[in-house]
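First comes the structure, then the notes that go with it.
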Amino acid sequence: MLSYAARRLVLMVPTLLGISILAFSLLHLVPGDPAEILLRQQGVVPTPEALEGFRTAAGLNEPLALQYLHWLNSAIHGDLGRSLAVSYGRPVLPEVLSRLAATLELASASLAFAILISLPLGILSAVRRGSWLDKSLLLGSALGTAMPAFWLGPLLMLTFSLYLGWLPVCGRGGLEHLILPALTLGIGAAALTSKVVQAGMIDALEENFILAARAKGLPEECIILKHALRNALLPLVTVSGLQFGWLLEGAVFVEVIFTWPGLGKLLVDSIFSRDFPMVQGCVLFISLVFVLVNLAVDILYSWIDPRVRYDR
């Protein structure tokens, strides 16, 4: 297992390198002069002299390949550069790390909500196939999957914040600030995860070892929760890992809607302000978290199912 994890960590390097090159290239294809946009944000008239001075100071006059190599050399040494935007004007790495904690908090809460909801619903619908609960889950999964976060978020905000006044509208603070953003992200994830749990439970309940367990006279609750559920968890682990990556992606929209001070909102603000170093740092860390989560899922998969051996 250690050799497999080491190989995966080595393969992370070209993956992150390719992502950084793609992000850097796409940034410079966005219309607009970053020097002019950033100077206007600072309240400076973008005269030709001011534009030339800003480009020289920020290294924007250099060829794109040389700009990327300078950034890559600094990133290898733990320096992601300095923000070009007046709203930050500080080193990129500390800002990205502080925002990353908020994004991981939101994504983790959303995934926990999705799993807590989907596990009992998936188990009950598999045990009671064809019942009203099974049909309701099918309808709810379709609705949950079809509702985009940029529509569901304002709807929840209008209902629970503006009309009922139960929860705050936006911002990050206590648990009450986390509920609406986590629900917005977690409902879609719960819709998919519940169907995965249901399908896994149905397959497990039809296996021969379940028939043997029933023939031995084991209680039905023990058969379902101890024997069938353990096998049904295998696809759930894989899907949950992928869901976490999708939640990081969906957090970009949710953080903007709820003014959640996470990495997604920082990324959007930096794109609009053409803050190239900050965008590069955000993309790099989002990609790093996604790759590490996939590695953790693979390792956890082999722990749950002893038949899986990656070192062979």
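The values are calculated or read from the model by the stated rules, or taken from the named source; none is laboratory data. What you are looking at is a predicted structure, and each value in this text was computed from that prediction instead of being measured. Ideal geometry is used to build each Cβ from the backbone, glycine not excepted, and the neighbour counts take in all protein chains shown.
For the range 251-270, enumerate the residues that are within 15 Å of the chain's Cα centre (by Cα), buried (at least 24 other Cβ atoms within 10 Å of the Cβ), touching a residue at least 24 places away in the same chain (Cβ under 8 Å) and part of a helix (DSSP H, G or I).
Listed by number, the residues that qualify are Ala251, Val254, Glu255, Leu263, Gly264, Leu266.
Output the number of residues of the range 47-61 satisfying the condition of being without any contact (Cβ under 8 Å) to a residue 12 or more places away in the chain and either assigned to a helix (DSSP H, G or I) or not hydroxyl-bearing (Ser, Thr, Tyr) (or both).
9
Condition check: surrounded by 11 or more Cβ atoms within 10 Å (Cβ to Cβ) and touching a Leu at 6+ places or on another chain (Cβ under 8 Å). Does Arg40 satisfy that?
Judged against the criteria, Arg40 is not a match.
Where the second residue is surrounded by fewer than 12 Cβ atoms within 10 Å (Cβ to Cβ) and modelled with pLDDT under 85 and the first is over 25 Å from Phe272 (Cβ atoms) and lies in the range 1-29, which pairs have Cβ atoms under 7 Å and are six or more apart or on separate chains?
Sorted first by the residue in the range 1-29, then by its partner, the pairs are Met1/Asp311; Ser3/Asp311; Tyr4/Asp311.
Consider the range 168-192. How many of its residues are in a helix (DSSP H, G or I) and over 12 Å from Gly140 (Cβ atoms)?
Of the residues in that region, 13 qualify.
Just checking, how many residues over the range 16-37 are assigned to a helix (DSSP H, G or I) and exposed (fewer than 14 other Cβ atoms within 10 Å of the Cβ)?
The total comes to 6.
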